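Let me begin by presenting the structure, written as structure tokens, before commenting on it.
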Amino acid sequence: MAQVEASLSPAPVKVVARELARLRSLTKMKDTDAALVAVAYAEEVSRYPADAVVEVCRAWDGVFFPSKSELQDRLEAAVAHRRSLLAALGEAA
């Protein structure tokens, strides 16, 4: 159970910032304040595990930078099995 909990640990800010910057450099974005968007996205995305953040950001195949909800939907899907496993383990304990 401890391993599953650890696999859901939030990503380090450094990893999130790197992956969002990489994604930003590979996609188009509306004319907005990129720094402000980066901070807002980093706050939301850093709740997810680092490996899920890397997986989702690197798998993005859209031309445009994803919306917050698009990223969150994919991140939720990436960690859903871990959360289910943790819940099942908790019920079994």
Subject >> Ratio Rg/Rh, restricted to the chain and using Cα atoms, in which Rh is the Kirkwood radius >> reply: 1.04
Original post:
So what's the gap between the Cα centers of region 1-45 and region 63-93, to the nearest angstrom?
Top reply: 15
**OP:** Roll a 1.4 angstrom probe over the protein heavy atoms and tell me the percent of accessible area of the chain that is carbon or sulfur.
**Re:** 59
Original post:
In terms of solvent-accessible area of protein heavy atoms at a 1.4 angstrom probe, what is the ranking of 47, 24, highest value first?
Top reply: 47, 24
Subject >> Relative contact order (percent, whole number), region 16-93, Cα cutoff 8 Å, 6+ residue spacing >> reply: 38
Subject >> In sequence order, calculated HN-Hα J values of region 35-42 (Karplus, 6.51, -1.76, 1.60; Hz; x Gly/Pro) >> reply: 5, 5, 4, 4, 5, 5, 5, 4
Original post:
Once amide H atoms are placed 1.01 Å from N in the peptide plane, what residues at a sequence separation of 5 or more from residue 48, or on another chain, have their amide H within under 5 Å of its amide H?
Top reply: 11
**OP:** Compute the signed sum of charges (Lys and Arg +1, Asp and Glu -1) over the other residues within less than 10 Å, Cβ to Cβ, of residue 16.
**Re:** 0
Original post:
Just from its helices, what would the mean residue ellipticity at 222 nm be for the chain, if runs of 4 or more DSSP H residues each count -39500 (n - 2.57) and the sum is divided by every residue, rounded to the nearest 500 deg cm²/dmol?
Top reply: -22500 deg cm²/dmol
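Please sort 51-59, 5-13, 25-33, 65-73 by packing, taking for each peptide the average over its residues of neighbouring beta carbons within 10 angstrom, highest first.
51-59, 65-73, 5-13, 25-33
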**OP:** Step through the residues of region 65-78 one at a time and calculate ³J(HN,Hα) from phi using the Karplus curve (6.51 cos²θ - 1.76 cosθ + 1.60, θ = phi - 60°), rounding each to whole Hz and writing x for Gly and Pro.
**Re:** 4, x, 6, 4, 5, 5, 5, 4, 4, 5, 5, 4, 5, 5
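The values are calculated or read from the model by the stated rules, or taken from the named source; none is laboratory data. Because the structure is predicted, anything quoted here is derived from the model rather than measured. Counting neighbours? That spans all protein chains shown, and the Cβs are built from the backbone with ideal geometry, glycine included. Only protein heavy atoms, including side chains, enter the accessible area calculation; ligands, DNA and RNA are left aside. Shrake-Rupley method; radii C 1.70, N 1.55, O 1.52, S 1.80 Å.
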